[in-house]
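Okay, so here's the structure we're looking at.
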Amino acid sequence: MKMGVVVTTYNSPRWLEKVMWGYEAQSDPDFELIIADDGSGQETAEVIERYKARGRLNIRHVWHEDDGFRKTVILNKAIVETPCDYLAFTDGDCIPRGDYIASHKAAARPGHFVSGGLYRLTMPVSDAITEPMVADGTAFQFEALNKLGQTRDHKRMKLTAGPRLAHWLNRLTPTGATWNGGNSSGWKADMVAVNGFDERMQYGGLDREMGERMMNRGVKGIQARYSVIMLHLDHKRGYENPETWAKNNAIRKNVRDNKLVWTEFGIRKDVGQ
């Protein structure tokens, strides 16, 4: 299995740098890091070039010109361009724990995808995360985050649960395993078989829609929200609006109601199902 991690980004170089710290700190360094860049400017390019020069990561920068929110388009381009046969998908605001790559690889099964977990930080704590904290794992210790101002709630169990408890929490959680853009992985062949992401989709459920087509085709989800963990850095969402949610929800409803396994608006435009 050759694994790649597809990280989407758009003009958020400071957060992307914090994410790079996490990938440099992986216990398993055998992966390709694919930056799916939805038209970012020079600052982002400089961050990527700097981390290429550090030599610790195998980085592929997939970019297209800025023409509005085209995340699904750049994601499909990333799927096509990478030679990896197993892909994790996440965003440029998600810092992976040191066992992220190893955990996704360990959970991977034919005919399945893995649904990992996000632990959401407040903006002040997001700002306060440093490279040494990520490198030594302190950033993933709740007590350290609490000292920085992170609120104490039940969700901290994503960070505090050891391997045995995490295993049982994954089995007992009432939340189903869904394809979440922040932390999921699966086989490239399964994504290509459903024609990738629907490029009509804007912000709001675009990742889950592809996952729903994969599940309609028989791919099953593995729940790993307590064992495959990322920190989610806070940010504004200026691209979110009711109109795009309504459009996306209509597309997803059609997929569910008609058990669709293919989109004509994906990787290939020249063929039907």
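Among the GluC sites (Glu not before Pro) in segment 1-107, those located in a DSSP loop and surrounded by at most 14 other Cβ atoms within 10 Å of their own Cβ are GLU65.
In order along segment 250-255, the phi-based Karplus estimate (6.51 cos²θ - 1.76 cosθ + 1.60, θ = phi - 60°) of 3J(HN,Hα) comes to 5, 5, 5, 4, 4, 4 Hz; Gly and Pro are listed as x. Please build a GNM for the chain, connecting alpha carbons under 10 Å apart, and tell me which residue among MET157, MET201, MET214 fluctuates the most. Result: MET157 has the largest fluctuation of those listed. In a simple Cβ point-charge model (Lys, Arg +1; Asp, Glu -1; nothing else charged), the chain has a dipole of about 1100 debye relative to its Cα centre.
Note on TRP187, TRP168, TRP245: ascending count of other Cβ atoms within 10 Å places them as TRP168, TRP245, TRP187, the fewest first. With only the Cα atoms considered, segment 3-257 has a convex hull volume of 127 Å³ per residue. Under 5 Å from the amide H of GLY205 lies no amide H of any residue 5 or more positions distant or on a separate chain, with H modelled from the backbone and absent for Pro and chain starts.
Inter-part distance, segment 145-166 to segment 169-190, computed on C-alpha centroids, equals 20 Å.
3J(HN,Hα) along segment 46-55: 5, 4, 4, 5, 5, 7, 4, 5, 5, x Hz, from the Karplus curve 6.51 cos²θ - 1.76 cosθ + 1.60 with θ = phi - 60°, whole Hz, x for Gly and Pro. Of the GluC sites (Glu not before Pro) found in segment 172-273, those in coil by DSSP whose Cβ has at most 12 other Cβ atoms within 10 Å are GLU240.
Couplings for segment 219-229, taken from phi via the Karplus curve 6.51 cos²θ - 1.76 cosθ + 1.60 with θ = phi - 60°, read 6, 9, x, 10, 6, 9, 5, 9, 10, 10, 10 Hz in order; Gly and Pro are left as x. With 20 Å as the limit on Cα-Cα distance, the pairs of LYS220/LYS259; LYS2/LYS71; LYS77/LYS269 that go past it are LYS2/LYS71. Mean-square fluctuations from a GNM of the chain, with a 10 angstrom spring cutoff on Cα atoms, peak among GLY116, GLY205, GLY196 at GLY205.
Looking at segment 215-273, which trypsin sites (Lys or Arg not before Pro) are DSSP coil and have at most 11 other C-beta atoms within 10 Å of their C-beta? Those that pass, being in a loop and sparsely packed, are LYS236, ARG237, LYS259, LYS269. In segment 142-161, whose amide N lies under 20 Å from the spot 7 Å out along Cα-to-Cβ of THR122? List them in ranges. Answer for segment 142-161: 142-160. Comparing ALA250, PHE89, LEU169 along the charge dipole axis of the chain, the residue lying farthest to the positive side is LEU169, per the Cβ-charge model. For the peptides 124-135, 4-15, the ranking by mean Cβ contacts within 10 Å, running from highest to lowest, is 4-15, 124-135.
Placing a label point 7 Å from the Cα of GLU65 along the Cα-to-Cβ line, the residues of segment 1-45 whose backbone N sits under 17 Å from it are 37-42.
Distant-in-sequence amide contacts of ASP91, defined by a placed amide H-H separation under 5 Å and a gap of 5 or more residues or a different chain, comprise THR8. Across segment 1-151, Cα-Cα pairs farther apart than 21 Å form 45% of the total. Here is the P(r) of segment 140-214: all C-alpha pair distances, binned every 5 Å from 0, give 3, 13, 17, 16, 14, 14, 13, 8, 3, 0 in whole percents.
Ordering CYS84, CYS94 from the fewest to the most neighbouring beta carbons within 10 Å gives CYS84, CYS94.
Every number in this text was worked out from the coordinates using simple rules, so none of it is lab data. Here the structure is a predicted model, which means the values were calculated and not measured. No Cβ is skipped: glycine too gets one built from the backbone with ideal geometry, and neighbour counts run over all protein chains shown.
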